Each structure stands twice: as structure tokens, then as C-alpha cells.
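Shown next, in C-alpha cells, is the structure this report addresses.
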Amino acid sequence: MTGGILDVEKQPSDLDASIIQQTFQINVISHLLLIKHFARFLPKTRSIGADEGRLAKWVHVTARLGSVTDNKRGGWYSYRASKAALNQVIKTFDQQLQQGNNQAICVGIHPGTVKTDLANPSGAA
């Protein structure tokens, strides 16, 4: 699952409630709703000693900017907070799958910086 928006907030005075809500709606809430509506299609009942390679993978695209411990530069408040929240959603859903003995795992991947409008929010070439 992927999706993300970024607004460049370099300082607290740049924060805007409607942008924060939109950022969380796309970067977190949409992922929660995908889990709500599609998790039931994941395979059930993992056998003891199941091969990890045969587990279904529920994959979310997240960002290293969501890491609390790796935040060395600050800024991008709502984006960082939303990706940190998404990382928690990923961990929580994976725990739910494991506790339910499902034949699936949930992971987050960070593809690195990719050439998109999101990677260059200023629009400069």
C-alpha cells in the first residue's frame, strides 16, 4: 500500500491544521481503512514452523523520516509525525497477525528518495 503527501513545514509557525489533517488522512488513515476492509482476505492459520517465504506479505511504503531516533534535521512536522504513526500502525497490525496465528506478515518498506513531486516539493528542477 502506498500513498503520501508532504508539506514543507520548516518551523512551527508553518503548521496549518487543514494541511495536518490532510497529511494524516492520506499518510495514515487511508492505510488503517485498507487494513479494516481488506485484512479479511489474508490467509488464516499458520502452521507451526511455517516457512517465512510462504507467508503472505502486507506491505506499506513508509519513510525513514518517520523514525523518531533518526530525526537529525527536524522540520516537515506533519509528514514526519504521520509516517511515525504509519510505522506504529504497521507494527501493530503485524502483531495482530502474529497473535492470530495468521499466515501473513505486515511490513513497512522505505524505498529511499525517489524522483517524484513528493521528493521535490518546491517544484524546482
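The values are calculated or read from the model by the stated rules, or taken from the named source; none is laboratory data. Predicted, not measured: the structure shown is a model, and the values here were computed from it. Every residue, glycine as well, gets a Cβ built from its backbone with ideal geometry; the counts of neighbours run over all protein chains shown. Heads up: the accessible areas ignore ligands, DNA and RNA and are worked out on the full protein's heavy atoms, side chains in. Shrake-Rupley method; radii C 1.70, N 1.55, O 1.52, S 1.80 Å.
Within the stretch 54-73, residues that are outside any strand (DSSP E or B) sit with their Cβ atoms under 9 Å from residues that are hydroxyl-bearing (Ser, Thr, Tyr) and buried (at least 16 other Cβ atoms within 10 Å of the Cβ), at 6+ positions apart or across chains, in these pairs: Ala63/Tyr79; Leu65/Tyr79; Gly66/Tyr79; Gly66/Ser82.
Of all the residues in the stretch 58-102, those that are open to solvent by 60 Å² or more (accessible area, probe 1.4 Å) and modelled with pLDDT under 95 number 11.
If we scan the stretch 1-14, do we find a residue that is touching a helix residue (DSSP H, G or I) at 6+ places or on another chain (Cβ under 7 Å), modelled with pLDDT of 90 or more and open to solvent by less than 70 Å² (accessible area, probe 1.4 Å)? Scanning the stretch 1-14 turns up at least one residue that is touching a helix residue (DSSP H, G or I) at 6+ places or on another chain (Cβ under 7 Å), modelled with pLDDT of 90 or more and open to solvent by less than 70 Å² (accessible area, probe 1.4 Å).
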